[in-house]
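Q: Dropping a structure here in structure tokens format, bear with me for questions.
The values are calculated or read from the model by the stated rules, or taken from the named source; none is laboratory data. It should be emphasised that the depicted structure is a prediction, and the values quoted were computed from it without experimental measurement. All Cβ positions, even for glycine, are placed from backbone atoms using ideal geometry, and neighbour counts span all protein chains on display. Protein only, heavy atoms only, side chains kept; ligands, DNA and RNA dropped before computing areas. Shrake-Rupley method; radii C 1.70, N 1.55, O 1.52, S 1.80 Å.
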Amino acid sequence: MKKKRRRRTKAAAAKKPVVIGILVFLAVLTGTTLWYGSKSGPIPQPEEVRGVWLAYVDCKPLGLYNKSKQEFTDNAQRFFKSCEKNKINTIYFHVRAFRDAAYPSEKFPMSRYLWDRAEPIPYDPLKIMTDLAHKHEMQLHAWLNPYRGESLEAKILNPAKKASEQEILSCVDEILESYPVDGIHFDDYFYKEGAKGSNEKKAEHVNRMVRKVYQRVKSYGEDIQFGISPAGNISYCESIGADVKTWMRTSGYVDYVMPQLYWTDNHSASWRKHMFTDTLKEWISLNKNNIPLYPGLALYRAGEKGSDDPGWEKSGGNIARQVEILRQQGCKGYALFSAKDFYRKGAKKELRNYRKKW
């Protein structure tokens, strides 16, 4: 039986400042250095989020697929060293890609992208990843695709059904009761593209779920973050029920939004001249509630030859320049997609230029 994670009650929250005050007094009295928290527990929110997504498709390239506990741990440790090299302080670890789990679950099957053997997995991948992240003083957020089915083509959970909502909440509970993760993170899969129904109705169903997840996350601790990474195209978001305008003007939905801005400024479209910067400014203009924006950046496209955005081939400084622009525009961080590209030859030049920003 897993050890339950204790919920933070109002009484506990009220006592916390007193406890911290006593610790500070003792630290001053004894001349010791005070470090709030422990390396096996939650890590404070960084001033600038510098994240990376570790997706289900990254597990095999990173050596995390069908490994012994020691092999998994050693390869995960190498990944965290790469994160340190690339100035990362926040990991978004894919724990639910297809109604599965990246941990031994009582409700969902083990992810076949981590373990595809007949016998049960003899260790807990999420525990190892969370412990290692905190050891390296990085946050780890559990990344969920809330509705997506067993494969990209499979029928998704119906957002209009209360049973779908309950399944998602039960997954959130299972994670937060047992693991000291620093946040719950959703991707951009909501209604299936082309699903019937008005945008308004779709948004109503998704928003009901998002509000409940936000409330559930906060019941485990006000410091635990809940955020969503929608697609970069706002009209597409609205067509699948991702009501980003409401999330960014009304409290009680999300702690941050991470729009996927997977273009360069070397690419123009008929409807905007500088795809990255112009789209970023569009998102900023919608942010009426001034919540943190951590745009997603397309490291996976670095060095790519693509006719749809030749800017990735023309320059090896796109990511570095985008980080500059984000800071100039007042964004509170960013995330790189994805983890396996830290090791990809085509991304080396981009990463070298990116690291020069520190």
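Q: Could you tell me the ratio Rg/Rh of region 230-358? Both radii from Cα atoms, Rh via Kirkwood.
A: Rg/Rh for region 230-358 comes to 0.97.
Q: Okay, moving on. Bin all alpha-carbon pair distances of region 292-358 at 5 Å intervals from 0 and give each bin's fraction as a whole percent.
A: With a bin width of 5 Å, the distribution comes to 4, 18, 28, 26, 16, 7, 1.
Q: On average, how much accessible surface per residue is there in region 164-216, in Å², for a 1.4 Å probe, leaving out ligands, DNA and RNA?
A: Each residue of region 164-216 exposes 40 Å² on average to a 1.4 Å probe.
Q: Only loop residues by DSSP count here, and only those with at most 11 other Cβ atoms within 10 Å; note down the trypsin sites (Lys or Arg not before Pro) in region 170-241 that meet that.
A: In loop regions of region 170-241 (DSSP not H, G, I, E or B), the sparsely surrounded trypsin sites (Lys or Arg not before Pro) are Lys196.
Q: Only helical DSSP H runs with n ≥ 4 go in: add -39500 (n - 2.57) per run for the chain, normalise by residue count and round the 222 nm mean residue ellipticity to 500 deg cm²/dmol.
A: -11500 deg cm²/dmol
Q: If each of Asn158 and Lys356 carries a label point 7 Å out from its Cα toward its Cβ, how far apart are those two points in nm?
A: Spacing of the two 7 Å Cα→Cβ label points: 5.6 nm.
Q: Where the only charges are on Cβ atoms (+1 Lys, Arg; -1 Asp, Glu), what is the dipole of the chain about its Cα centre, to the nearest 20 debye?
A: 540 debye
Q: Tell me the Kirkwood hydrodynamic radius of the chain in angstroms, computed as one over the mean inverse distance between distinct C-alpha pairs.
A: Every distinct Cα pair counted, the radius reaches 21.4 Å.
Q: Which percentage, to the nearest 5, of the DSSP beta bridges contained in the chain is antiparallel? Could you put the intermediate results ahead of the total?
A: Details: 1 of 32 bridges.
Bridges in the chain are about 5 percent antiparallel.
Q: Between Leu169 and Ala118, what is the spin-label point distance in nm, taking each point 7 Å from the Cα along the Cα→C-beta axis?
A: Here the answer is 4.0 nm between the modelled labels.
Q: For Leu336, what residues show an amide H to amide H distance below 5 Å, using hydrogens built from the backbone and excluding near sequence neighbours?
A: Answer set, sorted by chain and number: Gly51, Val52, Trp53, Leu297.
Q: State, to one decimal in nm, how far the label point of Asp308 lies from the label point of Arg327, with both points 7 Å from Cα in the Cβ direction.
A: Spacing of the two 7 Å Cα→Cβ label points: 3.1 nm.
Q: Express the carbon and sulfur contribution to the solvent-accessible surface of the chain as a percent, rounded to the nearest whole number, probe 1.4 angstrom.
A: 52 percent
Q: Which loop-located trypsin sites (Lys or Arg not before Pro) does region 259-298 contain, where loop means any DSSP state but H, G, I, E or B and the Cβ has at most 11 other Cβ atoms within 10 Å? Walk me through the numbers on the way to the answer.
A: Working: sites: Arg272, Lys273, Lys281, Lys288; in loops: Lys273, Lys288.
Of the trypsin sites (Lys or Arg not before Pro), the ones in loops of region 259-298 whose Cβ has at most 11 other Cβ atoms within 10 Å are Lys273, Lys288.
Q: Please state the relative contact order of the chain as a whole percent: Cα pairs under 8 Å, 6+ residues apart?
A: 16 percent
Q: Here's something else I'd like to know. Cα-Cα pairs above 21 Å in region 59-153: how many percent?
A: 31 percent
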